[in-house]
Amino acid sequence: MSINTGIGISKNRDALQAAGEAIHQARMNLLSDKIDLALVFTSNDLAHSTVLKTIRNSLPEETPICGAASLAIITNEEEVLKHGMIVVLFSFPETIYFNPAFIENISMKTPFSAGEELGDKLSFGFKNIRRDFGVIFSDGLIRDASAFLSGLQGKLGSSFPLAGGCASDNLKLHKTYIYYDNSMPSDSACGLIFGGKLNFGIGIKHGWKPLGKMRLITNSNANVVYEIDNQPAAKIYEEYFSLNLNQLRKELKRISILYPIGIFLEGEDEYLLRNLLAIDESGALIFQGSVPQESSIRLMIGSKESCLDATRQAAEEVKKIFLGRNINFVLIFNSASRYTLLRREAEKEVHIIKEVLGKNTPVAGFYTFGEQAPLKSINYQGKSYFHNQSITILGIGD
Amino acid sequence: MLTITIFCFSGLVIVAILLVYKMERIREQKSFIDKLKKSLDEMDEQAKLIVRTDMELNKAQEELDKKIRSLFALQGLSRAMMTSLEENQIFRMLTAEHLQELGFENVAAFLWNSKERKFDSHINIGYSDEEIEPIKSYLEENKEKYLNLIKSNKTISSISQTGEGGFEEKIPVIFKVTHFIISSVSPKEGDSGFLFVGTNDTDTAINEGDEELITILANQLAQALENARLFDKTWKAQQSLEEKVTERTHELTSALKELQIVSRRKNDFISSVSHELRTPLTSIKGYAAILLAGKLGDLPPEIRQRLDKINKHSDELVHMVNDLLDIARIESGRQLMKKEELNLKQIAEKIGDLLGVQMKDKDIAFTINISGEACSVSADRQQIERVFINIIGNAIKFTPKNGKIAVSCQEYKDGIQIDISDTGYGIPENALEGIFEEFYRVDNPINDEVKGTGLGLALVKHIVEAHGGKIWVKSKLGSGSTFSLTLPRTG
């Protein structure tokens, strides 16, 4: 027996009807009565508690549900839906093990301790079984997503492969939701740890290119950068864009998406991107994800072409890992920034992935406020990092 | 000692040379580093230019994308609105999806209800029922300002507030939005109003292009309302017309039925009166004949003269009574047409012979232009002969001496047409319509001289129509007349 998946998609604007349609379709498409896991991704307008209740009521009581609400969702039909939902049902062979876990009220803890708590819960069922990889769905507005990831790694091992993404809203950064069982909480995270007889491959790329001089972070703390080259951090943006602080703040969303900073990584093909979230009064820059002191950075620039090229490279990475073996399911964590940049061409990414990994390979995904995936270079020993602007592709096979 | 000194000196010279060489190398490297640094700085400056240009390009691209999306949405909306012919349906076409494409999340459309003197909400997206109530109350309090805005046919927005009304500042607070556009919706007929669109998206400020788009949308909304109202009006008018036609048809049917009853009664009356008249007339004629035959003794010439008149007038009266009875019979359908194959040439010749004496008296030339067997129909011989007698008789009566009377016949697909023309006095135009009516007599000197019942042509018309044919006349005063009649071939 191999991994079976059943996918249901609905474009219905009524949340209740959409949930009914999607779960019905997914059950029809699953070639098994045994339902082990359900993944649910919805657009934000369908983020409603009735959606989860409808899905919950249509599934066996013991079937865990994980997922997230997002700016838009990626479907198996090579579509990107701004209004819609996708439900993926899994039926695993007995030789595959997994354990779901959930934590809430992250803001009441430190991001690191919240990560540790989730790590503890995830590893709980895996005492005597080899853990292969983990999948994380977390709130998109966690203060320091890198510290959260470090907390997870503290419990799961620093080189433990993790692929994941943070839920997103319509770029307002107001509130994001994850799905777990029959609840739809904010300020929470859930995850799954897999082990047993299965294969996996993770590909991650962004496509942004460095521009201008290399600069040095001379003063920073977590995700706040105070000084670059011993100058107030904001000066780098002021100089590049010839804008003062107020003008920069007005253009923040555009700058954040199009011109992030890239942290130089020894031996890696690409820089590690960081989105600019805010500029404080003193000129300190607040990024989505930590920027270590003494790291070398450059301003980055991206285009639709480089973005789509990166998608192909990420898919090729997954394909290379599988060495021709069957891929049963592909999960995509795609940055909301990429959606904003690509706009009408967003569906091209799904098309490229299907082209590389097989037209019949089941695919699902959502748009994120940050992605988690391991770096490839030997220097980093497979350690997972928090990324921005990237597309993370996780392939699962048996 | 000297050797040592020389050695030391040589060493010093070598060190000095090496030092100079090293210093030169350092200087060269420094120069190279400086060049590199300069190149880097220059490259950084170029990077700045690239970034700034790239951002401008991206902005332009975004603006263009937004415009294209908006235009698509506007086109879709316009098409949908223009195909709707019901007012509320037109407003329902404004969906959240279209609005989102136009860059707005909130929309409200109000029309001024001139009867109840208040603003009616026709659509609201992005507001709950509870949220729309305070907006309505606000409009009620400020109705004059909004009515002036509608009257002026203007568009106001958060970027182009005129300040004239002094109420625009409150709009974002009342409608709970950051940016807004309000454009008047003024159809040519009926109640006018305004369209409000708003957004809370602080990142995408509205611009003049958005104002233009919403003004176009409001104008198209007005146009669609105008069309719907016009359609409604036309529809109602048509309905009313149809009702009137039905009513009038009903009235006419009733009137026709009454008329038929009256006509039948008239016929019955004429029949019975004619029958009653015929008996005494026969007696009068009989007695007059006995007296004139001298069976009761010779009569003085004065009495004979009077009896001749009685006899002559009795004949006319019998003739009139017979005509009346025939008309009544044909009208009521009691007179059955005994159809047989008739050769119209032969009939024309027979009638020509019959009336030959009268024509000869007036030297009238009578010609028949019918060739051989050409014109034959199935009809009642006796009745058709009466038709010819009446028409040719009339022609003789109204044609002066040395005139001409001609009979011709032509065939057409389903029957034949007979034309009887004369060179008589003709019929005045105003009399053409009436000559086939009973007792109608044309007002002319001939009629004053020549006696007639006014029933001949009425009888002719009834006979022709009883055969399924038609009769009409063409005439010009002083140039003669042509009576034409058709008879279907099958009868």
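The values are calculated or read from the model by the stated rules, or taken from the named source; none is laboratory data. What you see is a predicted model, and the numbers here were worked out from it, not measured in a lab. Please note: Cβ atoms are built from the backbone with ideal geometry, for glycine as well, and neighbour counts cover all protein chains shown.
For residues that are touching a helix residue (DSSP H, G or I) at 6+ places or on another chain (Cβ under 9 Å) and more than 14 Å from every other protein chain (Cβ to nearest Cβ), scanning just the stretch A:250-272, find the one that is surrounded by the fewest Cβ atoms within 10 Å (Cβ to Cβ).
If we filter the stretch A:250-272 for residues that are touching a helix residue (DSSP H, G or I) at 6+ places or on another chain (Cβ under 9 Å), which is where we start, we get A:251, A:253-261, A:265-270.
In the following step, the residues that additionally are more than 14 Å from every other protein chain (Cβ to nearest Cβ) were identified as A:265-270.
Values: A:Leu265: 18, A:Glu266: 8, A:Gly267: 10, A:Glu268: 15, A:Asp269: 11, A:Glu270: 21.
Ranking the qualifying residues of the stretch A:250-272, first place goes to A:Glu266.
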*Working only within the stretch A:138-160, note down all residues that are touching a residue at least 60 places away in the same chain (Cβ under 8 Å) and of a type in the set (A, V, I, L, M).*
A:Leu141, A:Ala145, A:Ala147, A:Leu149
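Residues to consider are B:Leu317, B:Leu325, B:Leu307, B:Leu299; find the one that is surrounded by 12 or more Cβ atoms within 10 Å (Cβ to Cβ) and either in contact with a Cys (Cβ under 7 Å, 6 or more places away or on another chain) or more than 29 Å from B:Ile389 (Cβ to Cβ) (or both).
On the way: B:Leu317 fails: either in contact with a Cys (Cβ under 7 Å, 6 or more places away or on another chain) or more than 29 Å from B:Ile389 (Cβ to Cβ) (or both); B:Leu325 fails: either in contact with a Cys (Cβ under 7 Å, 6 or more places away or on another chain) or more than 29 Å from B:Ile389 (Cβ to Cβ) (or both); B:Leu307 fails: either in contact with a Cys (Cβ under 7 Å, 6 or more places away or on another chain) or more than 29 Å from B:Ile389 (Cβ to Cβ) (or both).
Going through B:Leu317, B:Leu325, B:Leu307, B:Leu299 in turn, just one is surrounded by 12 or more Cβ atoms within 10 Å (Cβ to Cβ) and either in contact with a Cys (Cβ under 7 Å, 6 or more places away or on another chain) or more than 29 Å from B:Ile389 (Cβ to Cβ) (or both): B:Leu299.
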*Can you name the residue in the stretch B:4-38 that is among the hydroxyl-bearing types (Ser, Thr, Tyr) and at pLDDT 90 or above and, of all such residues, is farthest from A:Gly212 (Cα to Cα)?*
B:Tyr21
_Subset of the stretch B:194-221 (residues that are in a helix (DSSP H, G or I) and surrounded by fewer than 21 Cβ atoms within 10 Å (Cβ to Cβ))_ = B:Glu208, B:Gly209, B:Glu211, B:Glu212, B:Thr215, B:Ile216, B:Asn219, B:Gln220
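State yes or no: is A:Phe322 buried (at least 21 other Cβ atoms within 10 Å of the Cβ), aromatic (Phe, Trp, Tyr), out of contact with any Pro (no Cβ under 7 Å at 6 or more places or on another chain) and under 17 Å from A:Ile202 (Cβ atoms)? Break it down into steps so the answer makes sense when it comes.
Numbers: buried (at least 21 other Cβ atoms within 10 Å of the Cβ): no; aromatic (Phe, Trp, Tyr): yes; out of contact with any Pro (no Cβ under 7 Å at 6 or more places or on another chain): yes; under 17 Å from A:Ile202 (Cβ atoms): yes.
Judged against the criteria, A:Phe322 is not a match.
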*Output the residues belonging to the stretch B:353-382 that are within 24 Å of B:Lys413 (Cβ to Cβ) and either in contact with an Asp or Glu (Cβ under 8 Å, 6 or more places away or on another chain) or not charged (D, E, K, R) (or both).*
B:Ile368, B:Asn369, B:Ile370, B:Ser371, B:Gly372, B:Ala374, B:Cys375, B:Ser376, B:Val377, B:Ser378, B:Ala379, B:Asp380
*Do we find a residue being buried (at least 18 other Cβ atoms within 10 Å of the Cβ), more than 20 Å from the chain's Cα centre (by Cα) and among the small types (Gly, Ala, Ser) anywhere in the stretch A:284-291?*
yes
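Looking at B:Glu97, B:Glu87, B:Glu140, can you tell me which residue is among the acidic types (Asp, Glu) and farther than 21 Å from B:Asp191 by Cα?
Working: B:Glu87 fails: farther than 21 Å from B:Asp191 by Cα; B:Glu140 fails: farther than 21 Å from B:Asp191 by Cα.
It is B:Glu97.
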*Are any of the residues in the stretch B:29-45 within 11 Å of another protein chain (Cβ to nearest Cβ) and touching a helix residue (DSSP H, G or I) at 6+ places or on another chain (Cβ under 8 Å)?*
no
_Qualifying residues in the stretch A:229-242 (those that are on the phi > 0 side of the Ramachandran plot and within 12 Å of chain B (Cβ to nearest Cβ)) - the one surrounded by the fewest Cβ atoms within 10 Å (Cβ to Cβ)_ = A:Ser242
_Return the residues of the stretch A:134-148 that are at pLDDT below 95 and either touching a strand residue (DSSP E or B) at 6+ places or on another chain (Cβ under 6 Å) or part of a strand (DSSP E or B) (or both); say none if nothing qualifies._
A:Gly140, A:Ala145, A:Ser146
*For residues that are at pLDDT 90 or above and at the interface with chain A (Cβ under 7 Å from one of its Cβ atoms), scanning just the stretch B:46-73, find the one that is surrounded by the most Cβ atoms within 10 Å (Cβ to Cβ).*
B:Val51
*Working only within the stretch B:74-102, note down all residues that are outside any helix (DSSP H, G or I) and within 14 Å of chain A (Cβ to nearest Cβ).*
B:Thr95
*asked:* If a residue must be surrounded by 22 or more Cβ atoms within 10 Å (Cβ to Cβ) and under 23 Å from B:Glu63 (Cβ atoms), how many such residues does the stretch A:347-365 contain?
replied: 0
*Here are some residues: B:Ile90, B:Ile156. Which one is buried (at least 18 other Cβ atoms within 10 Å of the Cβ), touching a residue at least 24 places away in the same chain (Cβ under 8 Å) and within 35 Å of the chain's Cα centre (by Cα)?*
B:Ile90
_Qualifying position, being crowded, with 24+ Cβ neighbours inside 10 Å and either outside any loop (DSSP other than H, G, I, E, B) or not aliphatic (A, V, I, L, M) (or both), among A:Ala101, A:Ala68_ = A:Ala68
_I'd like to verify a number: residues in the stretch B:367-378 that are at pLDDT 90 or above and buried (at least 21 other Cβ atoms within 10 Å of the Cβ), how many?_
0
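Working only within the stretch A:196-213, note down all residues that are more than 14 Å from chain B (Cβ to nearest Cβ) and within 20 Å of A:Thr392 (Cα to Cα).
From the stretch A:196-213, those more than 14 Å from chain B (Cβ to nearest Cβ) are A:196-207; that's our starting set.
Result: A:Leu198, A:Asn199, A:Phe200, A:Gly201, A:Ile202, A:Gly203, A:Ile204, A:Lys205, A:His206, A:Gly207.
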*Residues that are touching a Leu at 6+ places or on another chain (Cβ under 8 Å) and closer than 24 Å to A:Cys66 by Cα, drawn from the stretch A:367-381*: A:Tyr367, A:Phe369, A:Gln372, A:Ala373, A:Pro374
*Among the candidates A:Leu216, A:Leu245, residue that is in contact (Cβ under 8 Å) with a residue 12 or more places away in the chain, away from chain B (no Cβ under 11 Å) and within 24 Å of A:Ala147 (Cα to Cα)*: A:Leu216
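Of B:Glu189, B:Glu247, which residue is part of a loop (DSSP other than H, G, I, E, B) and loosely packed, with under 11 Cβ neighbours inside 10 Å?
Values: B:Glu247 fails: part of a loop (DSSP other than H, G, I, E, B).
So the residue among B:Glu189, B:Glu247 that is part of a loop (DSSP other than H, G, I, E, B) and loosely packed, with under 11 Cβ neighbours inside 10 Å is B:Glu189.
With respect to A:Leu276, is the statement that it is within 14 Å of chain B (Cβ to nearest Cβ), in contact with a strand residue (DSSP E or B) (Cβ under 9 Å, 6 or more places away or on another chain) and touching a residue at least 60 places away in the same chain (Cβ under 8 Å) true? Break it down into steps so the answer makes sense when it comes.
Numbers: within 14 Å of chain B (Cβ to nearest Cβ): yes; in contact with a strand residue (DSSP E or B) (Cβ under 9 Å, 6 or more places away or on another chain): yes; touching a residue at least 60 places away in the same chain (Cβ under 8 Å): no.
Against the criterion (within 14 Å of chain B (Cβ to nearest Cβ), in contact with a strand residue (DSSP E or B) (Cβ under 9 Å, 6 or more places away or on another chain) and touching a residue at least 60 places away in the same chain (Cβ under 8 Å)), A:Leu276 does not qualify.
Taking only the stretch A:296-311 into account, find how many residues are away from every other protein chain (no Cβ under 14 Å) and crowded, with 16+ Cβ neighbours inside 10 Å. Write out each step before concluding.
First, the residues of the stretch A:296-311 that are away from every other protein chain (no Cβ under 14 Å): A:308-311.
From what is left, the residues that are crowded, with 16+ Cβ neighbours inside 10 Å are A:308, A:310-311.
Looking only at that region, the number is 3.
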*Which of the residues spanning the stretch B:385-433 are surrounded by 19 or more Cβ atoms within 10 Å (Cβ to Cβ), of a type in the set (Phe, Trp, Tyr) and under 48 Å from the mean Cα position of the chain (by Cα)?*
B:Phe388, B:Tyr425
*Residue check: is A:Glu94 closer than 27 Å to A:Gln25 by Cβ and out of contact with any strand residue (DSSP E or B) (no Cβ under 7 Å at 6 or more places or on another chain)?*
yes
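Taking the stretch B:250-284, which residues are over 53 Å from the mean Cα position of the chain (by Cα) and surrounded by 10 or more Cβ atoms within 10 Å (Cβ to Cβ)?
Step one: of the stretch B:250-284, the residues over 53 Å from the mean Cα position of the chain (by Cα) are B:275-284.
The answer is B:His275, B:Glu276, B:Leu277, B:Arg278, B:Pro280, B:Leu281, B:Thr282, B:Ser283, B:Ile284.
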